[in-house]
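Novice: Below are the structure tokens for one structure; questions will follow.
The values are calculated or read from the model by the stated rules, or taken from the named source; none is laboratory data. Everything numeric in this text was worked out from a predicted model, so none of it was measured. All Cβ positions, even for glycine, are placed from backbone atoms using ideal geometry, and neighbour counts span all protein chains on display.
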There are 2 protein chains.
Amino acid sequence: MQLVEEILKGNIRALSKAISLVENRHHQSEDILSEIFPHTGKGYLIGVTGAPGSGKSSLVDRMIAYYRQEGKSVGVIAVDPSSPFSGGALLGDRIRMQEHSIDPGVFIRSMGSRGSLGGLSQAARDTARLMDAFGKDIIILETVGVGQSEVEVMNVAHTVLVVLTPNSGDTIQILKAGIMEIADLFVINKSDLDGAHKVKNEVEAYLKLKAAQGWQVPVFPVMSLTGEGVSALCEGIYLHRDYLYTKGVWEKKLGGRLRNEVVQITMEKVMSYVTSCLNDDDWKDLLSKMDRHQVSPYQVADKVAKILLGIS
Amino acid sequence: MQLVEEILKGNIRALSKAISLVENRHHQSEDILSEIFPHTGKGYLIGVTGAPGSGKSSLVDRMIAYYRQEGKSVGVIAVDPSSPFSGGALLGDRIRMQEHSIDPGVFIRSMGSRGSLGGLSQAARDTARLMDAFGKDIIILETVGVGQSEVEVMNVAHTVLVVLTPNSGDTIQILKAGIMEIADLFVINKSDLDGAHKVKNEVEAYLKLKAAQGWQVPVFPVMSLTGEGVSALCEGIYLHRDYLYTKGVWEKKLGGRLRNEVVQITMEKVMSYVTSCLNDDDWKDLLSKMDRHQVSPYQVADKVAKILLGIS
């Protein structure tokens, strides 16, 4: 496929086009993704999540500068499940990143919920793969808020950063949303503010309580406005990468994720089949019985599933 | 099944127990729901959604009082997707409802995301059915926040109220989340505050823009603290009910929802089958090729789906 060849050659317009096709679940998208798949696995995916206002965007900005100085090319996927928009960089906070947007080594793409049929996390995963195949060394997945969709998006990354700030009261919200559990590294942003020490202590108390085996989750105070602490953070990310790659942890994690993905994609395929099935005349009687509350949806589903699985 | 008999007899402990079984997807839950299904369809489901702080709980409180005065029995399902808890009434706002909790004609249940395997909206739907079969005339589904999960929960209701307040800036958030579109009635709470008129105008402008056929979405100013406007609101809900029931709108809506439900439940059944399938030795080679990035998850899923659908 010519589009794939162009992506592998580093044609940025081909990359943009492929992302749009994939987001819109164009009929060619599966072929594109399958052709590209053998060329993926080289890029490193960093997830950045935290409450709105925690300064994630300026942190990402600083991280981009760090990696660019190292000579690495960077891709950014900004995910906002509450936004109906997708495509170019559009969110207010993104404006700061524009400084990098004229740098050909940085590719930024934002993604909203409605633009991506088949789920935002699948769209984010596939976009990351396209950037990976294109040659991006570092791919940053940034989410706007903290919700279930964001947790799923983070499930694509190698390393997940959870950003907290002093005195924001976010900690409880983040704890509730299950975000604490997915952190590979904690970042205390705006660490010059009063209360930074308190948040750090809270997080460390939480981590002690968890008493995880293997990787010990570190906490990094940073000031994204000045850039203080960002180098140490990026070095911390490399340590986590080394941990993943040397202990065989990544192979196991990736294997599990790929299997889940197979299940999800299969389900999508089966679902459209089942939906169209129910329109067949054979089902008319049973469905009208359901409408009259004589048969429950569970009983109908049982019948459909049995036929599908060849148990009938 | 004895539990079902007890529910139909009005045994409140049996109802509580059944809700827990259903929430936890106990192996008996499908049988319970199928047995109960022919006894459902009498209760009226009212969804109440809006941003946190819009006074939904005190509004629900006032609505309960209205329906109790009419001699109707009331069930309340308080849904908080961001909370890991479920079971009793636990949220801060719920405390106010406690005044009704000693009234045997009112049954309150709260529901968090983690307590409900298989999706919060399915759990809410099934809980509403149990309350319906138990004999509740009015079932109020209240959500805490405004997100995608909340929209799905609202999809269970006959009538959806979207609660707005003056000067809160929620309108944009609610618009973004697609909540405006699901409103059958708008409620402007705290209507004594400055800016109430402005919100009302905004909503009416939005409604004019939409120019819907059929039901004309009305806007009700209320003051849930004093109860002003609540009677008019509840009469408005009855008008919507009459609209649904006399024009055959409800049959069509319900039919579509039941079919969707069949698809969802079927998917759940097929999914566990596919997941276990992948553990078979037959798949070992293909999956390890996928792990080595030689075959894409899309290609594997295609193979699984084809076998499942008998196309291979």
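Novice: So the check is Cβ under 8 Å with 6+ separation or different chains; which pairs have a first residue in the stretch A:15-43 that's modelled with pLDDT of 95 or more and a second one that's among the aromatic types (F, W, Y)?
Specialist: Filtered contacts from the stretch A:15-43: A:L15/A:F107; A:L15/A:F134; A:L33/B:Y298; A:S34/B:Y298; A:F37/B:Y298.
Novice: Shifting gears a bit: Please go through (1) in a helix (DSSP H, G or I); (2) more than 19 Å from A:V156 (Cα to Cα); (3) among the small types (G, A, S) for A:G255 and return the number of the only condition it doesn't satisfy.
Specialist: If we test A:G255 against (1) in a helix (DSSP H, G or I); (2) more than 19 Å from A:V156 (Cα to Cα); (3) among the small types (G, A, S), just (2) comes out false.
Novice: Step by step: first the residues of the stretch A:244-263, then only those that are touching a residue at least 40 places away in the same chain (Cβ under 8 Å) and surrounded by 17 or more Cβ atoms within 10 Å (Cβ to Cβ), then the one that is nearest to B:V22 (Cα to Cα). Which residue is that? Write out each step before concluding.
Specialist: Initial filter on the stretch A:244-263 (touching a residue at least 40 places away in the same chain (Cβ under 8 Å)): A:244, A:250, A:257, A:261.
Now restrict to residues that are surrounded by 17 or more Cβ atoms within 10 Å (Cβ to Cβ): A:244, A:261.
Numbers: A:L244: 39, A:E261: 28 Å.
Going through the qualifying residues, I end up with A:E261.
Novice: Here's a follow-up. Select from the stretch A:288-309 the residues that are at the interface with another protein chain (Cβ under 7 Å from one of its Cβ atoms) and surrounded by fewer than 17 Cβ atoms within 10 Å (Cβ to Cβ) and write down the one among them that is farthest from the chain's Cα centre (by Cα).
Specialist: A:Q294
Novice: Sticking with this one: Determine whether the stretch B:147-169 contains at least one residue that is within 20 Å of B:S224 (Cα to Cα), modelled with pLDDT under 90 and either touching a Cys at 6+ places or on another chain (Cβ under 9 Å) or assigned to a helix (DSSP H, G or I) (or both).
Specialist: For the stretch B:147-169, residues within 20 Å of B:S224 (Cα to Cα), modelled with pLDDT under 90 and either touching a Cys at 6+ places or on another chain (Cβ under 9 Å) or assigned to a helix (DSSP H, G or I) (or both): absent.
Novice: Which is acidic (D, E) and modelled with pLDDT of 90 or more, of B:E142, B:E99?
Specialist: Result: B:E142 is the single residue among B:E142, B:E99 that is acidic (D, E) and modelled with pLDDT of 90 or more.
Novice: Tell me yes or no: at least one residue of the stretch A:46-59 is in a helix (DSSP H, G or I), in contact with a helix residue (DSSP H, G or I) (Cβ under 7 Å, 6 or more places away or on another chain) and not charged (D, E, K, R).
Specialist: yes
Novice: Can you find, within the stretch A:17-56, the residue that is farthest from the other protein chains (Cβ to nearest Cβ) among those that are closer than 18 Å to A:I7 by Cβ and of a type in the set (V, I, T)?
Specialist: A:I19
Novice: Condition test on B:V270, is it of a type in the set (A, V, I, L, M, F, W, C) and in a helix (DSSP H, G or I)?
Specialist: It is true that B:V270 is of a type in the set (A, V, I, L, M, F, W, C) and in a helix (DSSP H, G or I).
Novice: Could you say whether any residue in the stretch A:238-250 is within 14 Å of chain B (Cβ to nearest Cβ), within 20 Å of A:F37 (Cα to Cα) and not in a loop (DSSP other than H, G, I, E, B)?
Specialist: Within the stretch A:238-250, one or more residues are within 14 Å of chain B (Cβ to nearest Cβ), within 20 Å of A:F37 (Cα to Cα) and not in a loop (DSSP other than H, G, I, E, B).
Novice: Please work out which residue is nearest to the chain's Cα centre (by Cα), limiting yourself to the stretch B:274-287 and to residues that are part of a helix (DSSP H, G or I) and surrounded by fewer than 16 Cβ atoms within 10 Å (Cβ to Cβ).
Specialist: My answer is B:T275.
Novice: If you don't mind, there's one more thing I want to ask. Residues in the stretch B:122-138: is at least one at pLDDT below 95 and outside any helix (DSSP H, G or I)?
Specialist: no
Novice: Here's something else I'd like to know. Taking the condition of being surrounded by fewer than 20 Cβ atoms within 10 Å (Cβ to Cβ) and small (G, A, S), how many residues in the stretch A:17-28 meet it? If you could, list the steps in order and put the result at the bottom.
Specialist: Residues of the stretch A:17-28 that are surrounded by fewer than 20 Cβ atoms within 10 Å (Cβ to Cβ), as a first pass: A:17, A:20-21, A:24-28.
Filter once more, so that each one left must be small (G, A, S): A:20.
Matching residues across the stretch A:17-28 total 1.
Novice: All but one of (1) within 23 Å of the chain's Cα centre (by Cα); (2) over 30 Å from A:K284 (Cα atoms) hold for B:Y243, so report the exception by its number.
Specialist: Going through the list (1) within 23 Å of the chain's Cα centre (by Cα); (2) over 30 Å from A:K284 (Cα atoms), B:Y243 breaks only (2).
Novice: In addition: For B:V203, indicate whether it is within 22 Å of B:E142 (Cβ to Cβ) and in a helix (DSSP H, G or I).
Specialist: Judged against the criteria, B:V203 is a match.
Novice: Looking at (1) at pLDDT 85 or above; (2) surrounded by 24 or more Cβ atoms within 10 Å (Cβ to Cβ), which one does A:D80 not meet, given that it meets all the others?
Specialist: Here A:D80 meets the rest and fails (1).
Novice: All but one of (1) small (G, A, S); (2) under 28 Å from B:L233 (Cβ atoms); (3) in contact with a Ser or Thr (Cβ under 9 Å, 6 or more places away or on another chain); (4) at pLDDT 95 or above hold for B:G71; which doesn't?
Specialist: Here B:G71 clears every test but (3).
Novice: Count, please, the residues in the stretch A:10-57 that happen to be over 18 Å from the mean Cα position of the chain (by Cα) and of a type in the set (V, I, T).
Specialist: Residues in the stretch A:10-57 being over 18 Å from the mean Cα position of the chain (by Cα) and of a type in the set (V, I, T): 3 in total.
Novice: Among the residues of the stretch A:15-68, which ones are out of contact with any Lys or Arg (no Cβ under 8 Å at 6 or more places or on another chain) and on the phi > 0 side of the Ramachandran plot?
Specialist: A:R25, A:G41, A:G53
Novice: If a residue must be on the phi > 0 side of the Ramachandran plot and either part of a helix (DSSP H, G or I) or in contact with a Ser or Thr (Cβ under 9 Å, 6 or more places away or on another chain) (or both), how many such residues does the stretch B:5-14 contain?
Specialist: Selection size over the stretch B:5-14: 0.
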